[in-house]
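The numbers here are math on the coordinates, done by the rules we state, and not lab data. Just so it is clear, the model here is predicted, and its values are computed rather than measured. Cβ atoms come from the backbone with ideal geometry, glycine included; neighbour counts cover every protein chain shown.
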Amino acid sequence: MTTDGSSFWTSGSVPLIAPEFLSSIIAAASDIALVVSAEGTILSVLLNRQDDSFGNLNHWEGRPVVEFLTDESIEKFQHAHDAYMSGHPPRKPLELNHSDNAVWQYPVRYTFHRFGQENAVLLLGRDLRPIAETQQQLVQAQIALEQGYEARREFDARYRVVMSNVDDAVVFVSVQTGRIEDANGQAAELLGLKPEALMGASFASLFSDRSGAELTESLMNATLTDDGQAISVRTARTRQSVDLHPVLFRAAGQRVLMCRLLGEHAIAGQTDSAANHAASLFRGTTDGIVFMDPRGTTLSVNDAFLDMVGTTHLSDVVGQSLAEYLARGQIDLGVLLENAARSGQMRVYATRLVNDLGARVPVEVSATALEDAKNPAVALIIRDVSRMEAVRKAESGNTGGNMPEPGRNVMDLVGSASLKEIVAETTDVVEKMCIETAVNLTRNNRVAAAEMLGLSRQSLYVKLRKYGLLSKNG
């Protein structure tokens, strides 16, 4: 062997290496070294002392090398070993995967070298595990990168579909530069430009009544308000009045404004026919309609309710507790609010309204809880039943063939029981029903139920005990 034409190694200048030093030199020159006989038996195993990751491999000595190779490496080794035995040692390093009782596997790159012993071969190996780990990390990083690209393409596709199919005109504006970063076709049509012409254009230049700094400052201030106040501008090309509704967010370290542009037609069309019908019903119905907060304070009422309570001005009612206009005051109000909060609505509740002159108007009230997280409210529909009460009294005085069904049932008892027994029996039934209803409406509030029935608390307890309702509702 020569180096740059020098015969230093072959001229006898270097003494032979002593046997006690040869193994340490071979071990230091490689990570693992194997001396393999002509029959493929491992004669010796030398490990680099600076690397203890291989563990103890003394049990390899005296056993065939193929016992410690994976299936795909056995054929590779046998082919290379046969070539070596025929006098043609492999010129290129041979990569083999070792295994030991399936506990671990690791790749090693071997080079074949002739050995002093006849037909024996010296395999000097380099541990490829660090390279394999690095390659595995690169593969995982590449897979993660590809997955990120796929996710980004998917989100971009969704974003494009949403932008092209929403009815609103949407524009994304950079706060730093004041230029448009993206816009949909609806925005381009509203502003009188082609979509590609909007990209990179100054947002303020599209309007005739705002400068760049002024418009950006107005949009930023609008994002700080709780009510989402709109910014009114006029487009430079189409000369339309447009309301800008900005939303501020941060992306890739920059602040971006997403602005919804509502033109004159969009603003006018926001109130649909159902809302118009509801507003017309609120104004024109003969039934009183009241909106109040969960504590019973009136928020708004219609003219029909003002007529019922005999009030001229709306300001005299709004902001006041509805209990001031109910005959039983806070008792009636509590029943309405509790039932609406518990079940969402109350179909019919009979009571009386008290107007400013002290007159009492019999009414039937239905209550509905309006589910609104920000502005919860309870809606009441109040119907004047004074005429219906007169009709009911007239019908109750009629003993002819038009008598209601309960009346006929009472008439059937005539002849089978005395008048006193009939009256006592029906009175007890009606009294028990009224007491049960009052207790249920007040959610077992005995004081409120007694006041609703016009009884003292002691009298109510006596009647509850009489009809066996005391333990049931106690």
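Near Val301, within a Cβ-to-Cβ distance under 11 Å, what is the net charge of the other residues, with Lys and Arg +1 and Asp and Glu -1?
Details: positive: none; negative: Asp303, Asp307, Asp316.
Counting the neighbours of Val301, the net charge comes to -3.
Between Ala151 and Ala251, 0.36 nm times their residue separation minus their Cα-Cα distance comes to what? Can you show the working numbers first?
On the way: separation 100, 0.36 × 100 = 36.00 nm, distance 1.67 nm.
So the chain would gain 34.3 nm between Ala151 and Ala251.
Once the convex hull of the C-alpha atoms of region 285-397 is built, how many Å³ does it hold per residue, rounded to a whole number? List each step's numbers first, then the result.
On the way: hull volume 12.2 nm³, N = 113.
Cα-based convex hull of region 285-397, divided per residue, equals 108 Å³.
What is the ratio of the Cα radius of gyration of region 166-268 to 2.2 N^0.38 Å, where N is its residue count, to two decimals?
Values: Rg = 12.4 Å, N = 103, 2.2 N^0.38 = 12.8 Å.
It is 0.97.
Taking every pair of alpha-carbon atoms in region 35-129, give the share separated by more than 21 Å as a whole percent.
On the way: 1146 of 4465 pairs.
I get 26 percent for the Cα pairs in region 35-129 exceeding 21 Å.
Summing +1 for each Lys or Arg and -1 for each Asp or Glu, what net charge is found among the other residues whose Cβ lies under 13 Å from the Cβ of Leu145? List each step's numbers first, then the result.
Details: positive: Arg152, Arg153; negative: Glu146, Glu150.
My count for the surroundings of Leu145 gives 0.
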